[in-house]
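The values are calculated or read from the model by the stated rules, or taken from the named source; none is laboratory data. Note that the coordinates shown come from a computational prediction; the quantities given were computed from them, not determined experimentally. Note that each Cβ is placed from the backbone with ideal geometry, even for glycine, and that neighbours are counted across all protein chains shown. The area values use the complete protein model at the heavy-atom level, side chains included, leaving out ligands, DNA and RNA. Shrake-Rupley method; radii C 1.70, N 1.55, O 1.52, S 1.80 Å.
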Amino acid sequence: MYAQLRETADELAGVLWREHTVYRERGGGVVIRGEHVRRWISLAPTGGKDRALLRAGRILDGGTTAPARTEVVVDLTAGKAELAAVCRSLLADVAAAAEPAPGPSRAGGGRNRERPGRPARAGRPGRRPRRERHTGAGSWFVLLCVAGVLGVWLYGVFGGYPY
């Protein structure tokens, strides 16, 4: 199956991009990287004969790959033109998802805590909501123990013994 995936990936890479890198991934699939367009395509075996899982995603700054944005199962016996058309469609979806949403730009460059259109983040289940910070009873106990040890030491050094 790897040989068929590699052959198909080589053909697709030549059709899609002039500059590309084709390599084997850990799961037995094949990855086509287009560094100049900052996109990748992966062909992975699905367990079915002549079928593969085709995934596409972005290449992040520093060369790491983002998780797949889109995926589809394709028939490897289809023509090279059909597979290339499916790849182009997936790459277009990835490019559309990577573009920033139109709207007013944020001044100041800081993180926007309340993004429009995004629901508020829910807390972890099973945890009580966080209250304002305060010193807990355990912290007070530790502070009192440290003060007591310091007091005993000072008493012994400065006159606790009459001789």
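Restricting attention to region 47-83, the residues that are surrounded by fewer than 16 Cβ atoms within 10 Å (Cβ to Cβ) and either of a type in the set (A, V, I, L, M) or assigned to a loop (DSSP other than H, G, I, E, B) (or both) total 14. Scanning region 24-46 for residues that are assigned to a strand (DSSP E or B), under 21 Å from the mean Cα position of the chain (by Cα) and not charged (D, E, K, R) yields Val30, Val31, Ile32, Gly34, Trp40, Ile41, Ser42, Leu43, Ala44.
Would you mind stating whether Leu54 is under 26 Å from the mean Cα position of the chain (by Cα), at pLDDT below 85 and under 26 Å from Ala97 (Cα atoms)? Against the criterion (under 26 Å from the mean Cα position of the chain (by Cα), at pLDDT below 85 and under 26 Å from Ala97 (Cα atoms)), Leu54 does not qualify.
Each residue in region 28-62 was checked for being out of contact with any strand residue (DSSP E or B) (no Cβ under 9 Å at 6 or more places or on another chain) and at positive phi, and 2 pass. Return the residues of region 1-32 that are among the hydroxyl-bearing types (Ser, Thr, Tyr) and crowded, with 16+ Cβ neighbours inside 10 Å; say none if nothing qualifies. The answer is Thr8, and nothing else. The set of residues in region 33-46 that are of a type in the set (A, V, I, L, M, F, W, C) and open to solvent by less than 30 Å² (accessible area, probe 1.4 Å) comprises Trp40, Ile41, Leu43, Ala44.
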